[in-house]
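*Asks:* After the structure tokens below, expect a handful of questions from me.
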Amino acid sequence: MIVLGIETSCDETGVALVSSDRRVLAEQLYSQLDAHAVYGGVVPEIAARAHVERLDLLISAAMNEAGLQFPDLAGIAVTCGPGLIGGLIVGLVTARAIGAATGLPLVAVNHLEAHALTARLTDGIEFPYTLLLVSGGHAQLLEVSGVGRYRRLGSTIDDAVGEAFDKVAKMLGLGYPGGPAVERMARRGDPARFDLPRPLLNRADCNFSFSGLKTACRLAILKEEISEGDDQAIADLCASFQMAVGDCLVDRTRRALARTRTAGSGERRLVVAGGVAANASIGARLRELAAAERVALHVPPARLCTDNGVMIAWAGLERLACGRGDEFPLAARARWPLDPAAEPLAGAGVKA
Ligand code: KG4
Ligand code: ZN
């Protein structure tokens, strides 16, 4: 079974063809970074237009790459949310048009579910597992026990973690996206130079908060009068910030693992997904945690941790395989929590 996946929820136009035996047959990605970089963040209208300009080209490139025709496919999976509405509509309308022309079934995919299931494509792991989802739009801990079966263990109460990286980078004039730039600077910095807060550390729940940490960075910049070109001070602040984020992620994830300890009897697994999972320092901290807690750690390769069409195709395949391909309506949704039973958290202005 082969499915075409379409991702347009944010600033990547992603298209892929994936088969149910876990092979990626084609992978096309257009990153709009340059279009948004001058604004220091994603501009929804620019993103939607860029998706319109690229999506059909990427789809035909993917079909050519795999040497396939539409009748060879079992369906089309398209991200319906959460995300920026304009971009989502572009993906949805395109999928609908191909569906109308070919008769292929369409599968509405939750972008967060696609991140959550990627490790089953890359590593072939079984349910259940604990998921740490850390990206530009999300900071969440989830217990994943099956397709469509998610229990939220914790979430950010303010900023997403990648968003915090991006904002700190912006304050320091490091450009957009901030995560890779902060990581690069942090390598030459002293993580002990700035005494930054670790919000919510040691709290009984598994929630995150990054907005206070971001403000603390701003105050440090003002107090030390750090300006662009002040390379050592910038490197030290980046290292201190990254260390603080790492401490929070490790502490909250440890707590989430403790909560899921009794859930399954077999091998315990921790999956990390989302763009921030590409951060080598944070990855190393999570590896240490996994070793100490005796859980197997699975981190998909960086290109599948950030937004892409492969994960959407795979989520569509997973849904078709268990007969849940038509569970959700084909409509764009700005918000779409994976665990609808979880209470909304105050101020959670993020995609989840
Ligand atoms: O998953 P993703 O591509 O898009 C969303 O769904 O949000 O994640 C993008 C986010 C950005 O905020 C970016 O700064 C962050 O992931 N990121 C990183 C790194 N690479 C990307 N954050 C920290 N360190 C990195 N190396
Ligand atoms: Zn994402």
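The values are calculated or read from the model by the stated rules, or taken from the named source; none is laboratory data. Keep in mind that what you see is a predicted model, and the values were worked out from it rather than measured. Glycine also receives a Cβ, built like all others from the backbone with ideal geometry; neighbour counts cover every protein chain displayed. To get the accessible areas, we keep the full protein, side chains included, count just its heavy atoms, and leave off ligands, DNA and RNA. Shrake-Rupley method; radii C 1.70, N 1.55, O 1.52, S 1.80 Å.
*Asks:* Residues in the range 54-67: is at least one in a strand (DSSP E or B) and away from ligand 1 (no atom under 15 Å from the Cβ)?
*Replies:* No, the range 54-67 contains no residue that is in a strand (DSSP E or B) and away from ligand 1 (no atom under 15 Å from the Cβ).
This table checks each residue for (1) part of a helix (DSSP H, G or I); (2) more than 20 Å from the chain's Cα centre (by Cα); (3) outside the structural domain of Phe208 (by TED's automatic domain parsing); (4) hydrophobic (A, V, I, L, M, F, W, C).
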site	(1), (2), (3), (4)
Leu249	yes, no, no, yes
Arg252	yes, no, no, no
Ala256	yes, no, no, yes
Gly266	no, yes, no, no
Val271	no, no, no, yes
Val276	yes, no, no, yes
Gly283	yes, no, no, no
Leu286	yes, no, no, yes
Ala291	yes, yes, no, yes
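*Asks:* So which pairs qualify, if the first residue must be in the range 242-253 and of a type in the set (Ser, Thr, Tyr), the second must be at pLDDT 95 or above and open to solvent by less than 20 Å² (accessible area, probe 1.4 Å), the Cβ gap must be under 6 Å, and the two must be at least 6 apart or on different chains?
*Replies:* From the range 242-253, the pairs are Thr253/Leu132.
*Asks:* Asp158 versus (1) over 24 Å from Ala284 (Cβ atoms); (2) within 15 Å of ligand 2 (Cβ to nearest atom): which is the lone unmet condition?
*Replies:* Among (1) over 24 Å from Ala284 (Cβ atoms); (2) within 15 Å of ligand 2 (Cβ to nearest atom), Asp158 violates only (2).
*Asks:* Here's another thing I want to ask about it. Using beta carbons and a limit of 9 Å, which pairs, at least six apart or on different chains, have the first residue in the range 9-24 and modelled with pLDDT under 95 and the second one part of a strand (DSSP E or B) and away from ligand 1 (no atom under 12 Å from the Cβ)?
*Replies:* If the second residue must be part of a strand (DSSP E or B) and away from ligand 1 (no atom under 12 Å from the Cβ), the pairs left are Glu12/Tyr30.
*Asks:* Search the range 118-132 for residues that are at positive phi and pair each with any residue that is assigned to a loop (DSSP other than H, G, I, E, B) and open to solvent by 10 Å² or more (accessible area, probe 1.4 Å) when their beta-carbon atoms are under 7 Å apart and the residues are at least 6 apart or on different chains.
*Replies:* From residues that are at positive phi, the pairs are Gly124/Arg22.
*Asks:* On to the next question. Leu317 fails exactly one of the following numbered conditions: (1) surrounded by fewer than 24 Cβ atoms within 10 Å (Cβ to Cβ); (2) at pLDDT 95 or above; (3) over 17 Å from the mean Cα position of the chain (by Cα). What is the number of that condition?
*Replies:* Here Leu317 meets the rest and fails (1).
*Asks:* Just give me the residues in the range 233-270 being open to solvent by less than 20 Å² (accessible area, probe 1.4 Å), aliphatic (A, V, I, L, M) and away from ligand 1 (no atom under 14 Å from the Cβ), in sequence order.
*Replies:* Across the range 233-270, the qualifying residues are Ala233, Ile234, Ala235, Leu237, Val250, Ala256, Leu257, Leu270.
*Asks:* Testing Ala302 on (1) of a type in the set (A, V, I, L, M, F, W, C); (2) within 15 Å of ligand 1 (Cβ to nearest atom); (3) crowded, with 20+ Cβ neighbours inside 10 Å, one condition comes back false. Which one is that?
*Replies:* (3)
Conditions (1) in the same structural domain as Asp230 (by TED's automatic domain parsing); (2) among the hydrophobic types (A, V, I, L, M, F, W, C); (3) modelled with pLDDT under 95; (4) in a loop (DSSP other than H, G, I, E, B), marked per residue:
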site: Gly154; (1), (2), (3), (4): yes, no, no, no
site: Ala164; (1), (2), (3), (4): yes, yes, no, no
site: Ala169; (1), (2), (3), (4): yes, yes, no, no
site: Gly173; (1), (2), (3), (4): yes, no, yes, yes
site: Tyr176; (1), (2), (3), (4): yes, no, yes, yes
site: Met185; (1), (2), (3), (4): yes, yes, no, no
site: Phe194; (1), (2), (3), (4): yes, yes, no, yes
site: Pro199; (1), (2), (3), (4): yes, no, yes, yes
